[in-house]
Amino acid sequence: LHYGDITDSLNIFNLIQKIKPDEVYNLAAQSHVQVSFDTPIYTSTTNAIGTLNFLEAIKNLNQKKIKFYQASTSEMFGNINKKTITEKDSFSPVSPYGTSKLYSYWIVKNYRDSYNIFASNGILFNHESPLRGETFVSRKITMNVARRHHGYNDILYLGNIYSKRDWGHAEDY
């Protein structure tokens with residue numbers, strides 16, 4: 001186990017140099033859309049510059065054998081009004097989160113094309129897991145049910161109940 005911070009370029013450089021991994025999966029992100037409006041600089045630094053830090057380390061250490069995977073998001077498409085979204089649809093993010101992930105998507109493509117680095121993007125859709133934070137809808141609901149079971153009568157606030165999202169379990173992805 002190695003500790004690091006993707007926003008610290010020297011830390012990432014040193015870890016890549018020390019570990020010499022065959023593969024890197026960048027799953028790190030500030031991934032809460034609403035929080036990205038409250039913390040746009042943190043969100044952008046983590047999601048966009050964090051990705052760039054990995055790519056720069058791979059390039060500068062001449063570790064082109066490393067396979068780099070960037071977890072991108074369907075939020076890059078924004079409020080697209082179609083039942084089916086494909087990679088050919090236009091990107092039009094509507095949040096700092098989506099915009100920061102779009103930067104990561106394009107910088108991965110740029111480094112792949114410009115420096116012949118094995119780098120790929122996966123466009124992930126909403127997914128749930130037991131690790132979801134308390135501000136996500138599934139955790140809000142289950143925590144409220146548990147509190148009610150123990151005698152509390154808190155009001156459950158959900159946000160936009162008209163939002164439509166493709167949704168699955170993380171293990172399925």
- line: Listed by chain and number, the residues whose amide H is under 5 Å from that of S120, excluding neighbours fewer than 5 places away on the same chain and using placed H, are F68, Y69, Q70
- request: Would you list, by chain and number, the lysines whose Cα falls below 27 Å from the Cα of K65, excluding same-chain residues fewer than 8 positions away?
  value: K18, K20, K101, K109
task: Based on the mean of other Cβ atoms within 10 Å per residue, sort peptides 142-152, 91-101 so the most packed one is first.
output: 91-101, 142-152
message: Given bins 5 angstrom wide, list per bin the percent of all Cα-Cα distances in the chain, short to long.
response: 1, 8, 15, 18, 18, 15, 11, 7, 4, 2, 1, 0
Residue-wise HN-Hα coupling along segment 112-127, computed from phi with Karplus coefficients 6.51, -1.76, 1.60 (Hz; x: Gly, Pro): 4, 6, 7, 10, 6, 8, 6, 9, 9, 10, x, 8, 9, 9, 3, 9
message: Need the full-extension length gain, N62 to E23, defined as separation in residues times 0.36 nm minus the C-alpha distance. One decimal, nm.
response: 12.6 nm
message: Given points 7 Å out from each Cα along the Cα-Cβ axis, report the T39 to S138 separation in nanometres with one decimal.
response: 2.2
query: Within segment 20-43, what residues put their amide N at less than 20 Å from the label point 7 Å along the Cα-to-Cβ vector of N160?
result: 30-41, 43
- request: Determine the share of the chain's accessible area contributed by carbon and sulfur atoms, expressed in whole percent, with a 1.4 angstrom probe.
  value: 54
statement: Note to self: with every protein chain in place and a 1.4 Å probe, the chain gives an accessible area per residue in Å² of 65
field: Dipole moment magnitude, nearest 20 debye, segment 45-172 about Cα centre, only Lys, Arg, Asp, Glu C-beta charged
entry: 120
query: Can you list the aspartates and glutamates whose alpha carbon sits under 19 Å from that of K82, skipping same-chain ones fewer than 8 residues off?
result: D166
message: Quick query: amide H of S92 versus all other amide H atoms, modeled in the peptide plane; which residues come in under 5 Å with a sequence gap of 5 or more or a different chain?
response: F77, G78
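The values are calculated or read from the model by the stated rules, or taken from the named source; none is laboratory data. Predicted, not measured: the structure shown is a model, and the values here were computed from it. Every residue, glycine as well, gets a Cβ built from its backbone with ideal geometry; the counts of neighbours run over all protein chains shown. Heads up: the accessible areas ignore ligands, DNA and RNA and are worked out on the full protein's heavy atoms, side chains in. Shrake-Rupley method; radii C 1.70, N 1.55, O 1.52, S 1.80 Å.
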